[in-house]
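Enquirer: What follows is a single structure, and I will ask about it in a moment.
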Amino acid sequence: MASSFIYRPHVHNLDNVSTPDVLIDHVSILKGEETAAAPIDRITTNVEIQVVGGSTVPDAAIVLVGAGAGTLLSVASNHGNRDEPVNRLSCVKPLSRQAWRLSDIADHVAELKLRNFAINGDDNELIQQGTFGDIFGSIEDDILLGNIQLLTGLNLDMETRANNYKVEIEDPVLSRKLDFQYWVQEI
């Protein structure tokens, strides 16, 4: 089992893009009042994940990353079986390589819109949505260096199965989006 993970996000600042190396030592998943640790080897930036069986579901997450120049914000999926505990250890957690600096959006973070789509061919079915403020309340900017937190809690309204999902976060104040698309392969 891995003891650390190197996260290399493309950090979109207000005027440029940088790609730091962030060494991750600890992963936690928060859903409402529940918090659970997850092993480092459950995090991936791969765009394709493998799952056992067909009963897994996506779960859009806002990601906070403790980095040297301040907390980063990104998106991921807490993919797993519905009946598992909050950390859903049966599946890896695909994580976007695109991120924003939390300091750039701290004054309007509650307005961020998180969405999750199931994609079947040309059909995009919206299966999760909400604003950061409605779902998570306030945000802590004291994420320790080397820590990742996945914040989940959106209701899942999924009618059809899919093997392709897109998670996005929209900043309506600065008119920009981060999105991340990933594929699920059943084995």
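Enquirer: Counting only DSSP beta bridges with both residues in the chain, what percent are antiparallel, rounded to the nearest 5? Intermediate results must be reported in sequence, preceding the final value.
Expert: Values: 47 of 62 bridges.
Close to 75 percent.
Enquirer: Then there is this: Could you compute the FRET efficiency for HIS10 and ASP107, with r as their C-beta to C-beta distance and R0 at 22 Å, rounded to 0.05? Could you put the intermediate results ahead of the total?
Expert: Values: r = 23 Å, r/R0 = 1.05.
About 0.45, to the nearest 0.05.
Enquirer: In whole Hz, with x marking every Gly and Pro, tabulate ³J(HN,Hα) for region 34-41 from phi via Karplus 6.51 cos²θ - 1.76 cosθ + 1.60, θ = phi - 60°.
Expert: Per residue, the Karplus-derived 3J(HN,Hα) values read 7, 9, 9, 7, 9, x, 4, 6 Hz.
Enquirer: Tell me which residues come under 5 Å, amide H to amide H, from SER90 once H is placed; ignore anything under 5 positions away on its chain.
Expert: Long-range HN contacts for SER90: ASN81.
Enquirer: Could I ask something else about it? Nothing charged except the Cβ atoms of Lys and Arg (+1) and of Asp and Glu (-1): what's the magnitude of the dipole of the chain about its Cα centre? Round to the nearest 20 debye.
Expert: On the way: 14 positive and 27 negative charges, 81 e Å.
The dipole of the chain has a size of about 400 debye.
Enquirer: Amide H neighbours of ASP59 under 5 Å, counting only residues 5+ apart in sequence or on other chains, H built in-plane at 1.01 Å?
Expert: Under 5 Å from the amide H of ASP59: ASN78, HIS79.
Enquirer: Using a Gaussian network for the chain with springs between C-alpha atoms less than 10 Å apart, which of these wobbles most: GLY53, GLY66, GLY153?
Expert: Result for the chain, Cα springs under 10 Å: GLY53 fluctuates most.
Enquirer: Also, quick follow-up: Average projected area of the Cα convex hull of region 43-160, in nm²?
Expert: Details: hull surface 31.8 nm².
Mean projected area for region 43-160: 7.9 nm², to one decimal.
Enquirer: Return the long-range amide H neighbours of GLY130 (sequence gap of 5 or more, or a different chain), with a cut-off of under 5 Å between placed amide H atoms.
Expert: HN-HN under 5 Å from GLY130: LEU114.
Enquirer: At 7 Å along Cα-to-Cβ for each site, give me the label-to-label distance between VAL173 and LEU23 in nm.
Expert: Calculated label separation equals 3.4 nm.
Enquirer: Another question about this same structure. For a test of the definition: using alpha carbon positions, the gyration tensor, and the 1.5 limit on a/c, classify region 32-96 as rounded, prolate or oblate.
Expert: Values: a/c = 2.16, a/b = 1.52, b/c = 1.42.
Verdict is prolate for region 32-96.
Enquirer: Next question. Excluding same-chain pairs closer than 8 in sequence, count the lysine pairs in the chain whose Cα atoms lie under 14 Å apart. Mind showing how you got there, number by number?
Expert: Values: LYS93/LYS166; LYS113/LYS166; LYS113/LYS177; LYS166/LYS177.
Final tally of qualifying lysine pairs is 4.
Enquirer: For ASP83 paired with ASP157, estimate the spin-label separation in nm (one decimal), with each label point 7 Å from Cα along the Cα-to-Cβ line.
Expert: Computed distance between label sites ASP83 and ASP157 equals 2.6 nm.
Enquirer: In whole Hz, with x marking every Gly and Pro, tabulate ³J(HN,Hα) for region 69-77 from phi via Karplus 6.51 cos²θ - 1.76 cosθ + 1.60, θ = phi - 60°.
Expert: 9, x, 5, 9, 10, 8, 10, 7, 10
Every number here is computed from the coordinates shown, using simple stated rules; none is lab data. None of these values were measured; they are calculated from a predicted model. Virtual Cβ from ideal backbone geometry, glycine too; neighbours counted across all protein chains shown.
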